[in-house]
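Visitor: Got a structure here, written out as structure tokens. Questions coming.
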Amino acid sequence: GAVVSQHPSRVICKSGTSVKIECRSLDFQATTMFWYRQFPKKSLMLMATSNEGSKATYEQGVEKDKFLINHASLTLSTLTVTSAHPEDSSFYICSASFRDRGREQYFGPGTRLTVT
Amino acid sequence: GQNIDQPTEMTATEGAIVQINCTYQTSGFNGLFWYQQHAGEAPTFLSYNVLDGLEEKGRFSSFLSRSKGYSYLLLKELQMKDSASYLCAVSPLAGGYNKLIFGAGTRLAVHP
């Protein structure tokens, strides 16, 4: 159990366009979902925490108008990278947790974004 | 501030034992996680420690000392497939019940 999916797995877009990444918990209802980005050979940097039905909490230095997070249901959260630039190219990973499993987070397979 | 330190890289021989250390300084402590991450893939859960002592799970064990802000992950009978990055993550007291702060990760290379 506790499977998290992400779509798409890879996306290439042109500079100035917007890209939406979906994160779904397939077999459980996620109390909280997290969005991370990871640069090559670096660790995960938490971007924001989102709870279903409420606004996301962004980490310091993360632009909330650029990285739009929507958590419309207990099984779906979306991250939209608006007006993408080449420096937004990265590996984006979501994770989900639910109250009955304490602090453990279940990670999605990640989305490789390349902005040309 | 939040600070989690672990070695950048380690190498070991197939069949051997390797210990990956992690030290942390966080605003409170609600548990420490170890995750394994292969290149280009998502992290997978290995262990969780919230009390002092050693937790053993098959070939992997994890140790925690809260007073020293220190943990280690011990991998026994190393296999080639254990070549991966190992991420130490702490759940701090502040910032939400489930939030995790990750260290930079230790890249382990296992050679024959």
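The values are calculated or read from the model by the stated rules, or taken from the named source; none is laboratory data. In this text the structure is predicted, and so the values were computed from the model without any measurement. Note: ideal-geometry Cβ built from the backbone for every residue, glycine included; neighbour counts use all protein chains shown.
Visitor: Just to verify a result, which residue in region B:19-35, among those that are at pLDDT 95 or above and surrounded by fewer than 19 Cβ atoms within 10 Å (Cβ to Cβ), is farthest from B:E77 (Cα to Cα)?
Guide: Here the residue is B:T23.
Visitor: Listed residues A:A96, A:A72; which is closer than 15 Å to A:T49 by Cα and surrounded by fewer than 17 Cβ atoms within 10 Å (Cβ to Cβ)?
Guide: After applying the criteria, what remains is A:A72.
Visitor: OK, next. Would you confirm whether or not region B:15-33 contains a residue that is within 30 Å of A:L113 (Cα to Cα) and touching a residue at least 60 places away in the same chain (Cβ under 8 Å)?
Guide: Yes, region B:15-33 contains a residue that is within 30 Å of A:L113 (Cα to Cα) and touching a residue at least 60 places away in the same chain (Cβ under 8 Å).
Visitor: Quick check on region B:25-38: of everything there that is facing chain A (nearest Cβ under 9 Å) and in a loop (DSSP other than H, G, I, E, B), which residue is nearest to the chain's Cα centre (by Cα)?
Guide: So, considering only residues that are facing chain A (nearest Cβ under 9 Å) and in a loop (DSSP other than H, G, I, E, B), the one nearest to the chain's Cα centre (by Cα) is B:G31.
Visitor: Moving to a separate point now. Return the residue satisfying two criteria in turn: it lies in region A:75-88 and is assigned to a loop (DSSP other than H, G, I, E, B) and buried (at least 17 other Cβ atoms within 10 Å of the Cβ), and of such residues it is nearest to the chain's Cα centre (by Cα).
Guide: Going through the qualifying residues, I end up with A:T75.
Visitor: Hey, another quick one. Given the criterion hydrophobic (A, V, I, L, M, F, W, C), assigned to a loop (DSSP other than H, G, I, E, B) and more than 13 Å from every other protein chain (Cβ to nearest Cβ), identify the matching residue among B:L73, B:L64, B:L51.
Guide: Every option except B:L51 fails the conditions.
Visitor: Okay, moving on. Restrict the check to region B:82-99 and report whether at least one residue is modelled with pLDDT of 90 or more, facing chain A (nearest Cβ under 10 Å), crowded, with 19+ Cβ neighbours inside 10 Å and on the phi > 0 side of the Ramachandran plot.
Guide: Scanning region B:82-99 turns up no residue that is modelled with pLDDT of 90 or more, facing chain A (nearest Cβ under 10 Å), crowded, with 19+ Cβ neighbours inside 10 Å and on the phi > 0 side of the Ramachandran plot.
Residue-wise test of (1) over 25 Å from A:G108 (Cα atoms); (2) of a type in the set (D, E); (3) touching a strand residue (DSSP E or B) at 6+ places or on another chain (Cβ under 7 Å).
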{"site": "B:G15", "(1), (2), (3)": "yes, no, no"}
{"site": "B:N21", "(1), (2), (3)": "yes, no, yes"}
{"site": "B:Q25", "(1), (2), (3)": "yes, no, yes"}
{"site": "B:G28", "(1), (2), (3)": "yes, no, no"}
{"site": "B:F33", "(1), (2), (3)": "no, no, yes"}
{"site": "B:Q36", "(1), (2), (3)": "no, no, yes"}
{"site": "B:E55", "(1), (2), (3)": "yes, yes, yes"}
{"site": "B:A84", "(1), (2), (3)": "no, no, yes"}
{"site": "B:G105", "(1), (2), (3)": "no, no, yes"}
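Visitor: Count, please, the residues in region A:1-35 that happen to be β-branched (V, I, T) and part of a strand (DSSP E or B).
Guide: The qualifying residues number 6.
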